[in-house]
Amino acid sequence: MFSGLKKSAAVVFLVAVLGFPAAASAGPWMVENQTGRPLCQLYLSPAGANRWGEDLLAGRCLAPGRRQAFDRAPDPGPHDLLVIFEDGGSRTYFGPDPAVWPHLVLHETEAELFEWDPAATGSRPLF
């Protein structure tokens, strides 16, 4: 089984070196909060750009165990996600591409990447 660090390294390798998977969709994507803390701000930036833009949650908090769907994925390519919790703590997740793996499950130490079809029930894990 992959540890969090090994899983993150595998994702970065697949995206950066192999370009896997090749096809990307600009369709809907979803964030699921499994951190155990309310998540009150969510920002996206192209990987390494450190330009966060606007809060995607627009002032709403995402309780632990809850999901938030977004209508359209950002431009294809790896992105960094910055989350700010209700208690003021923050966490940055490096490298997921919401256009390729549109179901991002956020944990305290890592993000799991899943394929997601909003018309179907459930998601399919990447690993």
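The values are calculated or read from the model by the stated rules, or taken from the named source; none is laboratory data. Here the structure is a predicted model, which means the values were calculated and not measured. In this analysis, Cβ positions are derived from the backbone assuming ideal geometry, glycine residues included, and neighbour counts consider all displayed protein chains.
Things worth noting here:
- Residue, surrounded by the fewest Cβ atoms within 10 Å (Cβ to Cβ), within region 56-89, restricted to residues that are among the basic types (Lys, Arg) and assigned to a loop (DSSP other than H, G, I, E, B): Arg72
- Filter pass, Gly36 being in a loop (DSSP other than H, G, I, E, B), more than 15 Å from the chain's Cα centre (by Cα), surrounded by fewer than 17 Cβ atoms within 10 Å (Cβ to Cβ) and modelled with pLDDT of 90 or more: yes
- When Val12 is tested against (1) assigned to a loop (DSSP other than H, G, I, E, B); (2) touching a strand residue (DSSP E or B) at 6+ places or on another chain (Cβ under 8 Å); (3) at pLDDT below 90, just one condition goes unmet, and that condition is (1).
- First in region 57-70 and more than 13 Å from His107 (Cα to Cα) and aromatic (Phe, Trp, Tyr), second anywhere and modelled with pLDDT under 95 and not in a loop (DSSP other than H, G, I, E, B), Cβ under 6 Å, 6 or more apart: Phe70/Trp29
- Some residue of region 90-112 being surrounded by 18 or more Cβ atoms within 10 Å (Cβ to Cβ), part of a loop (DSSP other than H, G, I, E, B), among the acidic types (Asp, Glu) and at pLDDT 80 or above: yes
- Output for region 70-89, where each listed residue is within 11 Å of the chain's Cα centre (by Cα) and modelled with pLDDT of 85 or more: Pro78, His79, Asp80, Leu81, Leu82, Val83
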